[in-house]
């Protein structure tokens with residue numbers, strides 16, 4: 001008898017026409033039971049709406065299934081514009097603990113949050129820059145670090161007053177955040193200290209611990225560097241925490257367009 005996880009993998013393999021209907025029915029049953037499952041997003045087409053293909057699942061169905069898993073306190077695997085990530089509801093303390101356990105992550109290493117719209121940042125962060133600057137960097141492969149607001153879950157990164165916030169340039173992730181109507185805690189989909197992942201099979205060892213794995217296909221940027229992380233918590237200054245994949249373009253915006261200066265340690 002096949003395991004739940006092995007059956008789920010079959011949903012994303014090429015398959016014949018005679019088996020696709022059964023696979024879709026199986027996928028629906030697994031979604032209801034919230035067992036580990038892998039669901040492949042439809043690729044956009046160049047001449048109109050996406051067309052259903054064998055072994056793939058409708059984007060609305062995947063969104064609903066993933067939101068259900070998150071709302072019930074589960075951790076999910078998701079694509080972003082940089083690397084694959086693990087996500088849970090940031091306001092759910094138990095889900096945050098699960099995320100650390102799944103990764104084997106040091107409890108003193110922070111998780112970023114992910115939101116769907118720029119205006120959401122103001123609810124969870126004390127923003128020190130203009131909305132125009134936010135709009136020039138987001139959505140995009142950048143994590144902006146600000147002082148956290150009192151609204152954010154105190155069990156998320158309780159050891160620091162700061163929090164990193166992302167809006168990935170990825171339609172599924174933005175819509176997922178919008179449907180959840182609260183921030184997601186987001187971290188890379190890998191065992192801590194292991195290589196970042198750009199395809200779902202690369203973190204297959206984590207699948208049994210996840211409620212949903214959303215297969216968005218291989219991520220185009222193969223650098224595996226993740227987002228550029230920049231601290232903007234001090235007015236008029238910036239500090240690069242992690243160079244990431246968008247360092248030059250981020251620094252260009254911060255310095256040349258908005259006049260921020262680097263390195264705010266010594267005054």
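Every read-out reported here was derived from the displayed coordinates using simple, explicitly stated rules and does not represent laboratory data. Everything quoted here is computed from the prediction, not taken from an experiment. Cβ: placed from backbone, ideal geometry, glycine included. Neighbour counts: every protein chain shown.
A few notes on this one:
- Cα centroid separation, the range 171-192 to the range 125-158: 15 Å.
- Ranked by how many other Cβ atoms sit within 10 Å of their own Cβ, fewest first, the residues 250, 128, 154 fall in the order 154, 128, 250.
- A simple spin-label model places pseudo-atoms 7 Å from Cα toward Cβ; at residue 261 and residue 224 they are separated by 3.9 nm.
- Sequence of 159, 203, 172 once ranked by neighbouring C-beta atoms within 10 Å, starting from the fewest: 159, 172, 203
- FRET efficiency estimate (nearest 0.05) - Cβ-Cβ, residue 201 to residue 151, R0 41 angstrom: 0.65
- Prolate is the label for the range 65-162, because the ratio a/c of its alpha-carbon gyration tensor axes (a ≥ b ≥ c) is 1.5 or higher and a/b is greater than b/c.
- Placing R0 at 41 angstrom, the Cβ-Cβ distance between residue 161 and residue 193 gives a FRET efficiency of 0.95 after rounding to 0.05.
- Modelled FRET efficiency - R0 25 Å, residue 179 with residue 109, Cβ distances, 0.05 increments: 0.35
- Taking other C-beta atoms within 10 Å as the exposure proxy, 213, 200 rank 200, 213 from fewest upward.
- Cα→Cβ-extended label distance, 7 Å offset, between residue 242 and residue 117, nm: 2.8 nm
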